[in-house]
Amino acid sequence: RFFHRMITEGNGIANLTHLPLSQLEVNLGDPIQLRPVFAAFMFCPVIFGVTIEHVARPDIAISLAPLIIANSDVRIISFKDCRVESGISQIAKAIEKNPDNNIAYWDVSDNRMSDTAAFCAALARANANVFYLNLSNTNMNPEATKILFKAITANRHLWNIKHLHLNYCEFNQMGIDLLCKHLNRLSIANKNVIRSLELS
């Protein structure tokens, strides 16, 4: 019914938060399996986004990876505050297997993940023109942020990021220098694209 309603309304964003919490939240019993749900989206050109927030689904990242590999129509991935601790490395592998994915909006914030460095490294090989990237409060250490800034500097597709949010991430001097050099390069090239930059 959820999928049918999306199709009939012409809504291409699958907001899983609209599903009954008793069916979705792992802390409230036996939740539905998400992989079959995403399998239905894999070859559907109507679906261009998946979002879920403030629901305990630590398996969401692993479940999304096959969709990213198979469906290049997806442009939005957002799983904010879903208690994800691992699995974003699977998304990193999915990006590497499908570098022509078109995901331009990433919000994985408020998940205390242990493998964000792999995701940051994979972004260096993505061909999508990312405009929104939110990694706030994702347990990123100075090495992970340095890898991210190297990826942004090296990949021209990431030069169009308008919203970069990295609250509660850790930085070292090398990472800060990389970011400042990149911003100076954009300024010299008259590419004033940044609309929102959050670092704290």
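The values are calculated or read from the model by the stated rules, or taken from the named source; none is laboratory data. If you're wondering where the values come from, they're calculated on a predicted model, not measured in any experiment. Cβ: placed from backbone, ideal geometry, glycine included. Neighbour counts: every protein chain shown. In case anyone asks, the SASA skips ligands and DNA or RNA and just uses the protein heavy atoms, side chains included. Shrake-Rupley method; radii C 1.70, N 1.55, O 1.52, S 1.80 Å.
Here are some notes:
- Among the candidates Glu53, Glu25, residue that is open to solvent by less than 30 Å² (accessible area, probe 1.4 Å), touching a Lys or Arg at 6+ places or on another chain (Cβ under 8 Å) and acidic (Asp, Glu): Glu25
- From Phe43, Phe3, residue being more than 23 Å from Ser109 (Cα to Cα), in contact with a helix residue (DSSP H, G or I) (Cβ under 7 Å, 6 or more places away or on another chain) and exposed (fewer than 13 other Cβ atoms within 10 Å of the Cβ): Phe43
- Filtered residues of region 103-128 (kept if part of a loop (DSSP other than H, G, I, E, B) and within 15 Å of Ile77 (Cβ to Cβ)): Ile103, Ala104, Val108, Ser109, Asp110, Asn111, Met113, Ala126, Ala128
- Residue list for region 151-200, restricted to those being touching a helix residue (DSSP H, G or I) at 6+ places or on another chain (Cβ under 6 Å) and either open to solvent by less than 80 Å² (accessible area, probe 1.4 Å) or closer than 21 Å to Arg125 by Cβ (or both): Ala151, Ile152, Thr153, Leu158, Cys169, Phe171, Asn172, Gly175, Leu178, Leu179, His182
- Single match in Asp59, Asp81 (criterion: open to solvent by 40 Å² or more (accessible area, probe 1.4 Å), within 23 Å of Phe131 (Cα to Cα) and acidic (Asp, Glu)): Asp81
- Summed over region 185-196, residues that are of a type outside the set (Ser, Thr, Tyr) and at pLDDT 95 or above total 1.
- Residues located in region 88-102, provided they are buried (at least 22 other Cβ atoms within 10 Å of the Cβ) and not in a helix (DSSP H, G or I): Asn101
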